[in-house]
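Read through the structure below, which is laid out as structure tokens, and then see the notes.
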Amino acid sequence: MVPVVEGVRELSGLGLLTWVYPPGLVDRVVAACGRTEQRRRLLPARLVVYFVLGLALFSPAPYLEVLRHLVEGLRGAGLWGSWRIPAKSSLFRARERLGSEPLRVLFAAAARPLAEEGTPGAWWRGLRLVAIDGTCWDVADSFANEKEFGRPGNARGSEKAAFPQVRMAALVECGTHAVLDAELEGCRVGEVTLSARLVRSTGPGMLVLADREFLGVPLWRAFTATGARVLWRVPANRVLPVQQRLSDGSWLSRIHAGTDAKKRDPVPVRVIAYDLRGVPGAEESGYRLVTDLLDPQAYPAAELAALYHQRWEIESALGEIKTHQRGPKVVLSSKTPDGIRQQIWAHLLVHHALRMLMCRTAATRTVDPDRLSFTDTLRAARRSVTTSPGIFSP
């Protein structure tokens, strides 16, 4: 792994958070969400936004420890005597006043593809590689959270899991691990339902990768209607008859919606079948993919089969957020649903900032962003954030 400390050091005096989310942008988002203060407070909305981001960056550090990190820059700016660290109860109330909406809007305003034209692993034949997938977050065991998000069952039958859960569907740029969009709901809402909302962030020039549980005509049509292309895995029990055998061994077939009992409205697809001989853990029955890239000359089957492993990059991205950044087996602490949403959006914002930094560093060294260490970047960013007096400036 290539170290990234030098790339972070260039941000000293500014801090990662204010570099990616400058105070002016934060102020505009706060105003647009109606969270601007009517009177001067010890904890103004701008500071609370950075504080919530700091909680995600330093997770699972305690409230007051995180705030001390954020105000360290005041000493160097000569402003230490004009501001005091508030009580923990004041921080709770400030988070409640802010709510989750400014964090969601800030993410929508800032999240974007990060891969440049020459970024390794981000493109295939001119198409930007992105993937969709879902995950769940364990949240604090409160009545409000269970009512809002639900509590899944467990493997022991009638018993339920220890914590309520939030389900999240995400769209991720494979080459950079940048989360481009996300949707949050309770655990009773399926990944396919949530993923349908992510079509708003796809379009021409993208190739969307997805695992077998996402294959269905409505979702397929929703993504392809944006101009995006698709490459999805097929469930083992799905029958895909050969309509026409192609020169590279793939074949043309059709899929139908579950509601199309008379099969009058088919979707043409191309099927690619392959196996992974000699690969430990590979399924003996082999693998099948379907795509709307129907031309075997322009889009060879062997390349598509080799390309599909890029879908696993979204698993790595979600692991970075939930294991390394949040902390392994850490339960989100907010007792209210809005506080939980605020925490998740903060984690997504911090991860996007870290990935922006990694892409910038990789570009200066002409290396694949995957060569950089996420954990090293996280540790270096935690050191850089303490020098950000701009957070407190009027």
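Quick note: the coordinates plus some simple rules give every number you see, no bench work behind them. Small disclaimer: the values here were computed from a predicted structure and weren't measured. Positions of Cβ are backbone-derived with ideal geometry, glycine not excepted, and every protein chain shown enters the neighbour counts.
Computed 3J(HN,Hα) for the stretch 236-241, one whole-Hz value per residue from the Karplus formula 6.51 cos²θ - 1.76 cosθ + 1.60 where θ = phi - 60°, is 4, 8, 7, 8, 10, x, glycine and proline marked x.
Each 10 Å bin from zero holds the following percent of Cα-Cα pairs in the stretch 99-191: 15, 33, 28, 17, 7, 0. The label point for Glu159 and the one for Thr323, both projected 7 Å from the Cα toward the Cβ, are 2.6 nm apart. Residues Thr18, Thr323, arranged from fewest to most other Cβ atoms within 10 angstrom of their Cβ, appear as Thr323, Thr18. For the stretch 205-321, count all C-alpha to C-alpha pairs, find those more than 18 Å apart, and express that count as a whole percent of the total. For the stretch 205-321, the share of Cα pairs beyond 18 Å comes to 53 percent.
Comparing Gln343, Ala261, Gln325 along the charge dipole axis of the stretch 253-394, the residue lying farthest to the positive side is Gln343, per the Cβ-charge model. For the stretch 209-217, putting each phi into the Karplus relation 6.51 cos²θ - 1.76 cosθ + 1.60 with θ = phi - 60° gives couplings of 9, 8, 7, 5, 6, 8, 6, x, 4 Hz, in residue order, rounded to whole numbers and with x for Gly and Pro.
Of all aspartates and glutamates in the structure, those lying under 18 Å Cα to Cα from Lys147, and not within fewer than 8 positions of it along the same chain, are Asp138, Glu159, Glu185, Asp338. Pair-distance distribution P(r) for the chain, from all Cα-Cα distances in 10 Å bins starting at 0: 5, 21, 28, 24, 14, 6, 2, 0 percent. Summing Cβ point charges (Lys, Arg +1; Asp, Glu -1) relative to the Cα centre of the chain gives a dipole of roughly 1120 debye. Of Trp124, Leu103, His177, which is farthest on the positive side of the dipole of the stretch 77-212, counting Cα position, with +1 on Lys and Arg Cβ, -1 on Asp and Glu Cβ, and the Cα centre as origin? Comparing the listed Cα positions along the dipole, Leu103 ranks first. Against the chain, whose longest principal axis is taken from its Cα atoms, helix 88-98 shows a tilt of about 50°. Between amide H atoms placed 1.01 Å from N, distances below 5 Å from Ala228 occur with Gly203, all of them 5 or more places distant or on a separate chain. Against the main long axis of the alpha-carbon atoms of the chain, helix 23-32 sits at an angle near 80°. Compute the projected area of the convex hull of the Cα atoms of the stretch 252-365, averaged over all viewing directions, and report it in nm² to one decimal place. Taking the Cα atoms of the stretch 252-365, their convex hull projects to 13.1 nm² on average.
Between the stretch 105-142 and the stretch 330-357, what is the separation of their alpha carbon centroids in Å? Centre-to-centre distance over Cα atoms comes out at 15 Å. Between helix 374-384 and the chain there is an angle of about 20 degrees, using the helix long axis and the longest principal axis of the Cα atoms. Using the Cβ-Cβ distance between Val242 and Ala31 with R0 set to 51 Å, the FRET efficiency from 1/(1 + (r/R0)^6) comes to roughly 0.30.
For Phe163, no residue whose modelled amide H falls within less than 5 Å of its own remains once neighbours fewer than 5 places apart on the same chain are excluded. Straight Cα distances below 19 angstrom link Lys88 to the lysines Lys335, with same-chain residues fewer than 8 positions distant left out.
Return a whole-number percent for the relative contact order of the chain, with Cα pairs under 8 Å and 6 or more residues apart as the contact set.
Values: 679 pairs, mean separation 106.0, N = 394.
Across the chain, relative contact order equals 27 percent.
Within a Cβ distance under 15 Å of Gly99, other residues only, what is the Lys/Arg minus Asp/Glu net charge?
Details: positive: Arg35, Arg46, Arg93, Arg95, Arg97, Arg104, Lys335, Arg341; negative: Glu37, Glu96, Glu101, Glu148, Asp338.
Overall, the nearby charge balance is +3.
So what is the 222 nm mean residue ellipticity for the chain from helices alone, if each DSSP H run of at least 4 adds -39500 (n - 2.57) and you divide by all residues, rounding to the nearest 500 deg cm²/dmol? Walk me through the intermediate numbers first.
Values: 15 runs with 143 residues, N = 394.
Calculated mean residue ellipticity at 222 nm is -10500 deg cm²/dmol.
Each part reduced to its alpha carbon centroid, the stretch 157-184 and the stretch 215-283 end up 25 Å apart.
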